[in-house]
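Novice: Take a look at the following structure, please.
The values are calculated or read from the model by the stated rules, or taken from the named source; none is laboratory data. Here the structure is a predicted model, which is why all the values come from computation and not from measurement. Neighbour counts run over all protein chains shown; Cβ positions are idealised from the backbone, glycine included.
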């Protein structure tokens, strides 16, 4: 279980960081401030918890590749609200031959960052 997250930073207007972690998105955001010397902390704009988080991140990176700032980094010049929509749509894709649906119930869970243990295997 892990998550795909979208982070924003007020020192980097117009950029979003889209990545994945096996920990929480908040833990990952906290790791980015001290070693990088970034003037402002990263904020979690959105996080989705599921089992196939690595594949989901790869799929989203492919979809947004044209907006990538650096091919070796996870930063995209893309509006945060649109990035959240892409992440939500990513949950509606076929992951490992399992159809995954994004329902209003899941959207509520998504908004409050409650772990979505069953989202990636709702229907098989």
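Novice: If you scan segment 18-42, which residues turn out to be surrounded by 14 or more Cβ atoms within 10 Å (Cβ to Cβ), in contact with a helix residue (DSSP H, G or I) (Cβ under 9 Å, 6 or more places away or on another chain) and closer than 20 Å to residue 69 by Cα?
Specialist: 18, 19, 20, 41, 42
Novice: Residue 101 - would you say it is modelled with pLDDT under 85, in a loop (DSSP other than H, G, I, E, B) and either within 12 Å of the chain's Cα centre (by Cα) or crowded, with 18+ Cβ neighbours inside 10 Å (or both)? Before you say what the answer is, go through the steps one by one.
Specialist: Numbers: modelled with pLDDT under 85: yes; in a loop (DSSP other than H, G, I, E, B): yes; either within 12 Å of the chain's Cα centre (by Cα) or crowded, with 18+ Cβ neighbours inside 10 Å (or both): no.
Here the answer is no, as residue 101 does not meet what is asked.
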